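The structure appears below as structure tokens.
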Amino acid sequence: MEIPSKYNPANTEDKWYKYWMDHGFFKSKPDEREPFTIVIPPPNVTGVLHMGHMLNNTIQDILVRRARMQGKNALWVPGTDHASIATEARVVAKLKEDGISKNDLSRDMFMKHAWEWKEKHGGIILEQLKKLGASCDWDRTKFTMDEDLSESVKQVFIDLFKKGYIYRGVRMVNWDPQAKTAVSDEEVIYKEVDSKLYYVRYRIEGADDYVTIATTRPETILGDTAVCVHPEDERFTHLHGKKVIIPLVERQVPIITDTYVDREFGTGALKITPAHDENDYEIGINHQLESINIFNDDGTLSENAILFVGKDRFEVRDLITEQLDKEGYLVKVEDYVNKVGFSERTDAVIEPKLSMQWFLKMEKLSGPALENVMSDSIKLVPAKFKNTYRHWMENVRDWCISRQLWWGHRIPAWYLPESAEFVVASNAEEALELAKQKTGDENLTLNDLRQDEDVLDTWFSSWLWPISVFDGIRNPDNKDFKYYYPTNDLVTAPEILFFWVARMIMAGYEYTGEKPFENVYLTGIVRDKKGRKMSKSLGNSPDPLKLIERFGADGVRVGMLLCSPAGGDLLFDEGLTEQGRNFGNKIWNAFRLIKSWEIDESLEQPESSAIAGKWFGEKLNESISLLEDQFSKYRLSEALMNLYKLFWDEFSSWYLEMIKPAYQQPVDRKTMDEATGFFGLLIKLLHPFIPFITEEIWQLLETRKKGESIMVADMPVAGIYEKACIDRFEKAKETISAVRNIRKDRNIPNKDLLTLMVREDEDKFDNRFGEVVKKLCKLDSIKFVQEKPEKSVSFIVKTIEFYIPLGENVNIEEERNKLNKELEYNKGFLNSVMKKLNNERFVKNAPANVIDKEKEKKADAEAKIKSLTEQIQNLK
């Protein structure tokens, strides 16, 4: 069999992905096996693959592939989210390019364009995920506006409305003037910005006196309906019950008192604009103030503002400051740093605005969702996010679920003729019947009713995702839902812990009485080497597909994980992707090496190869045991590093060196079979992390039948292992390295055999790896002595002294210097250990095994110091 000298991902990745797809290895149907289910966090239908997706989906694929190899019926459900705000913005922009304005289209015509755009551009990201190796059941791909999912959303809305959880009312909302829609509290990102604090004086009615207020938003002066002071602030006691004149618009408004006012901020007098500030809104309700909305939906000033009508709010800020100054109202302007809310979707500055919206009461829904996360019925990984989750859930506010858009799930409410009253129904015909009952008017027709124009918040559909992808809302007794739900693991980002995760948990308990998933693995944010969040604007985000082109999908997967602790931000370094590719090359070269050996059936297995096989079998079981523990704790980066070191260090650098036949010599059958067997186990363990190269090698390792795949091979499980054997070989490694260093330092050729002497009784010394040491160190023998031989060099492993006689090659002065350096090092090491052991806090608080380890270090260092001191004294 001709094995290429280099592994080429470009030649294998598409080949094996097609093979997996053609043989249906990703597909899942309910059967008697234990299910393992993951639902993909649906990316926006507008999206293309970015580094966050790469990390998230690599982790999901590792979990799914591992479960599949463990014999579970593994299902990974893919899909996309309709993303109301983002998609509508894209469609509007596309129409604009074609010379069409959304305002010139009917809703139906706009939706036709939107669906056409979705069919053409939506789903690109799912195709890109295939390049990464994502083993999703693509036949089950869902979209949040599929007919069955849309029906589920509608059914839930109607149910929650009937339960009294959904209501409609005028409330202060977060208004996005760019998207022209309300957004929820969780979709507002607060940033510190350099602002100005404007001090403006308001004339007191009927007096030649003024009160000065301080504001960061002078443009809202046009909507002021009061000035408020603290009732106990003596500076303003004389103004209680009086009125002031609002500058420029000459409106009389009352001076009111409220303990809400912070006497230390600004001047202690606060302008009140109930329509454009959340706190002012609450004060306005308490004091029955008029509310004047001075902004249009796009952030320009409305007719109610009287001045600067039609101009943008930020332009007006400059214009009104100039006018206030000109007319003598502006006292001063100071630099000021404050937090400003920005829309998570469009990055526009949020405008607090009074608006008629639909809301969902959260208090009752949030109870089980809080309780079951805090009790670890649902585990958050890492657990540090529990506190953040609890804080949010204990302070949860009603969810504004309506959006002023066309693309999305239209609210199933119909208004009665010439009325603000409405009925909620699953379709227009049902709405008409309800309207007739409500009005008693049997002559009503569909033309008399008007459906609400708004759509539901995108999250109102995705909060049902783990249920609705299996049709569990409409048909809770169906076979798929009963088998796959609750799902096992959810892999997502901490920033949508509340947007999405908490709400899915609420929906799970409300509609199934069960949790939607067992575990939530929260990935970190992908940042560049400087710690900056990756973004297009900074130009610091590499194109994932180009990375795959350069380093292969396996290389990129390894690179992402090497810098990815659970819940910790990932500092992405392209060098780690290269390291991932190099790891693949290492595996490939080891495979080629083994396959290059000729077998001589007549050869007996050498003792060195037998003990090498015994040791690696023990080491392999130890590593698998550790791997199982790491997976149980979702320490995937550590799991990969465990296997990386096992293959690179233990298998390639040690085991293969121990069993490798001499140049151009054959190998015995038993050693070859053992090596091939170990290699097969290693690539199975590595397959979830690096699926493509492991499939390629597995297919070449031995003859396979058509339709076989490593994907569905059995995942190795840990057996019992002998720790003493592993520990003993660690000492043998130190011995081998020390002898090799002596050869190197003294330029002794490998062809010159050395003798190794051990200062120990032969019957007390564990020499099980003696043949390995002889082979790797090029020794003629290992002897046991009681005294240091003359003209020899020495080294110590743990507490045992070793000598190599070198005759005239020994330089006494060099040897003395070397031993003195080693003695000083060990004294320093002992000193650092004693500092710990003499520290009462350390001894009191450290686990027993840690203290025992320090005591062992102390004993070893003391033994070495004693031995080195004796050696220096005995040097002649």
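What do you reckon, is Trp615 open to solvent by 10 Å² or more (accessible area, probe 1.4 Å), of a type in the set (Phe, Trp, Tyr) and assigned to a helix (DSSP H, G or I)?
Considered against the rule, which asks whether it is open to solvent by 10 Å² or more (accessible area, probe 1.4 Å), of a type in the set (Phe, Trp, Tyr) and assigned to a helix (DSSP H, G or I), Trp615 comes out as no.
Between residues in segment 706-723 that are closer than 13 Å to Trp16 by Cβ and residues that are charged (D, E, K, R), which pairs lie under 8 Å by C-beta distance while being six or more apart or on different chains?
Note: pairs meeting the criteria are Ser709/Glu695; Ile710/Lys684; Ile710/Glu695; Met711/Arg65; Met711/Arg68; Met711/Glu695.
Has segment 853-869 got any residue that is open to solvent by less than 60 Å² (accessible area, probe 1.4 Å), on the phi < 0 side of the Ramachandran plot and part of a loop (DSSP other than H, G, I, E, B)?
no
Quick one: Thr735 ticks every box in (1) more than 22 Å from Asn621 (Cβ to Cβ); (2) open to solvent by 60 Å² or more (accessible area, probe 1.4 Å) except a single one, so which number is it?
(2)
Determine whether Ala431 is aliphatic (A, V, I, L, M) and within 43 Å of the chain's Cα centre (by Cα).
no
When you go through Trp392, Trp399, Trp406 one by one, which is the residue that is over 23 Å from Glu518 (Cβ atoms), under 38 Å from the mean Cα position of the chain (by Cα), open to solvent by 30 Å² or more (accessible area, probe 1.4 Å) and not acidic (Asp, Glu)?
Unique residue meeting the criteria: Trp406.
Here's a check for you: in segment 359-380, which residue that is over 11 Å from Val396 (Cα atoms) and open to solvent by 20 Å² or more (accessible area, probe 1.4 Å) is nearest to the chain's Cα centre (by Cα)?
Lys379
Any idea which of (1) more than 24 Å from Pro749 (Cβ to Cβ); (2) open to solvent by 50 Å² or more (accessible area, probe 1.4 Å); (3) modelled with pLDDT of 90 or more is the one Lys783 doesn't satisfy?
Evaluating Lys783 over (1) more than 24 Å from Pro749 (Cβ to Cβ); (2) open to solvent by 50 Å² or more (accessible area, probe 1.4 Å); (3) modelled with pLDDT of 90 or more leaves (1) as the failure.
Residue check, Thr703 against (1) free of Cβ contacts under 8 Å to residues at least 60 places away in the same chain; (2) more than 30 Å from Val64 (Cβ to Cβ), all met but one. Which one?
Unmet for Thr703, out of (1) free of Cβ contacts under 8 Å to residues at least 60 places away in the same chain; (2) more than 30 Å from Val64 (Cβ to Cβ): (2).
Got a sec? Which of Lys791, Lys818, Lys751 is over 30 Å from Glu722 (Cβ atoms), modelled with pLDDT of 90 or more and charged (D, E, K, R)?
Lys751
Sort out which residues of segment 30-58 are open to solvent by 40 Å² or more (accessible area, probe 1.4 Å), touching a residue at least 12 places away in the same chain (Cβ under 8 Å) and in a loop (DSSP other than H, G, I, E, B), and write them in order of number.
Listed by number, the residues that qualify are Asp31, Arg33, Glu34, Val48, His50.
Name the single residue, out of those in segment 291-327 being assigned to a loop (DSSP other than H, G, I, E, B) and over 47 Å from the mean Cα position of the chain (by Cα), that is farthest from Thr346 (Cα to Cα).
At the first step, the residues of segment 291-327 found to be assigned to a loop (DSSP other than H, G, I, E, B) are 291-294, 296-299, 302, 306-311, 327.
After this cut, where a residue has to be over 47 Å from the mean Cα position of the chain (by Cα) as well, the list is 306-307, 327.
Numbers: Ile306: 29, Leu307: 28, Glu327: 37 Å.
Checking each candidate, the answer is Glu327.
Need the failing condition index for Val170 against (1) part of a strand (DSSP E or B); (2) without any contact (Cβ under 8 Å) to a residue 60 or more places away in the chain, just the number.
(2)
Only one residue in Phe692, Phe679, Phe729 is in contact with a Phe, Trp or Tyr (Cβ under 8 Å, 6 or more places away or on another chain), open to solvent by less than 10 Å² (accessible area, probe 1.4 Å) and within 30 Å of Val758 (Cα to Cα). Which one?
Phe729
One line per residue, one yes/no per condition, for (1) touching a residue at least 40 places away in the same chain (Cβ under 8 Å); (2) of a type in the set (D, E, K, R); (3) under 30 Å from Asp31 (Cβ atoms); (4) surrounded by fewer than 20 Cβ atoms within 10 Å (Cβ to Cβ):
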| residue | (1), (2), (3), (4) |
| --- | --- |
| Trp414 | no, no, no, no |
| Glu433 | no, yes, no, yes |
| Asp441 | no, yes, no, yes |
| Ile473 | yes, no, yes, no |
| Tyr485 | yes, no, yes, no |
| Asp489 | yes, yes, yes, no |
| Phe498 | yes, no, no, yes |
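Is it the case that some residue within segment 643-654 is within 25 Å of the chain's Cα centre (by Cα), closer than 25 Å to Asn56 by Cα and open to solvent by less than 70 Å² (accessible area, probe 1.4 Å)?
yes
Can you list the helices (runs of 4 or more DSSP H) found entirely within segment 82-142 that contain at least 1 residues being polar (S, T, N, Q) and open to solvent by 60 Å² or more (accessible area, probe 1.4 Å)?
Fully inside segment 82-142 and qualifying: nothing.
If I go through segment 693-727 residue by residue, how many of them are more than 21 Å from Asn642 (Cβ to Cβ) and either outside any helix (DSSP H, G or I) or touching an Asp or Glu at 6+ places or on another chain (Cβ under 6 Å) (or both)?
Of the residues in segment 693-727, 8 are more than 21 Å from Asn642 (Cβ to Cβ) and either outside any helix (DSSP H, G or I) or touching an Asp or Glu at 6+ places or on another chain (Cβ under 6 Å) (or both).
Please state which of the following conditions Lys482 fails to meet, knowing it meets all the rest: (1) farther than 22 Å from Val64 by Cα; (2) of a type in the set (D, E, K, R); (3) out of contact with any helix residue (DSSP H, G or I) (no Cβ under 7 Å at 6 or more places or on another chain).
Result: Lys482 fails condition (1) only.
For the subset of segment 450-470 comprising residues that are part of a loop (DSSP other than H, G, I, E, B) and either open to solvent by 20 Å² or more (accessible area, probe 1.4 Å) or aromatic (Phe, Trp, Tyr) (or both), which member is nearest to Ile85 (Cα to Cα)?
Across segment 450-470, the extreme among qualifying residues is Asp454.
Considering each of Val193, Val188 in turn, give the residue that is within 30 Å of Leu405 (Cβ to Cβ), touching a Lys or Arg at 6+ places or on another chain (Cβ under 9 Å), of a type outside the set (D, E, K, R) and at pLDDT below 95. Let's see the steps before the verdict.
On the way: Val188 fails: touching a Lys or Arg at 6+ places or on another chain (Cβ under 9 Å).
Being within 30 Å of Leu405 (Cβ to Cβ), touching a Lys or Arg at 6+ places or on another chain (Cβ under 9 Å), of a type outside the set (D, E, K, R) and at pLDDT below 95 holds for just one of Val193, Val188, which is Val193.
Against the definition (in a helix (DSSP H, G or I), of a type outside the set (Asp, Glu) and surrounded by 12 or more Cβ atoms within 10 Å (Cβ to Cβ)), how does Lys821 come out, yes or no?
Values: in a helix (DSSP H, G or I): yes; of a type outside the set (Asp, Glu): yes; surrounded by 12 or more Cβ atoms within 10 Å (Cβ to Cβ): no.
When the stated conditions are applied, Lys821 does not pass them.
Looking at this structure, is Val333 surrounded by fewer than 18 Cβ atoms within 10 Å (Cβ to Cβ), without any contact (Cβ under 8 Å) to a residue 12 or more places away in the chain and among the hydrophobic types (A, V, I, L, M, F, W, C)?
In short, no.
Output the number of the condition that Ile158 fails; it satisfies all remaining conditions of (1) open to solvent by 10 Å² or more (accessible area, probe 1.4 Å); (2) in contact with a Pro (Cβ under 9 Å, 6 or more places away or on another chain); (3) farther than 29 Å from Ala425 by Cα; (4) at pLDDT 95 or above.
Here Ile158 clears every test but (3).
Is there a residue being in contact with a Ser or Thr (Cβ under 8 Å, 6 or more places away or on another chain), modelled with pLDDT of 95 or more and on the phi > 0 side of the Ramachandran plot anywhere in segment 394-409?
yes
When you check Val793 against the structure, is it within 19 Å of Ser737 (Cα to Cα) and open to solvent by less than 20 Å² (accessible area, probe 1.4 Å), yes or no?
Answer is yes for this residue.
Looking at segment 272-300, I want the residues that are free of Cβ contacts under 8 Å to residues at least 12 places away in the same chain and over 14 Å from Ser355 (Cβ atoms) and have a partner that is crowded, with 21+ Cβ neighbours inside 10 Å and among the β-branched types (Val, Ile, Thr) with Cβ atoms under 8 Å, at least 6 apart or on another chain. Which pairs are those?
Final answer for the pair search is Asp280/Ile272; Asp280/Thr273.
The values are calculated or read from the model by the stated rules, or taken from the named source; none is laboratory data. Predicted, not measured: the structure shown is a model, and the values here were computed from it. So basically every Cβ, Gly included, is an ideal-geometry build from the backbone, and we count neighbours across all protein chains shown. For accessibility, only protein heavy atoms count, side chains too; no ligands or nucleic acids. Shrake-Rupley method; radii C 1.70, N 1.55, O 1.52, S 1.80 Å.
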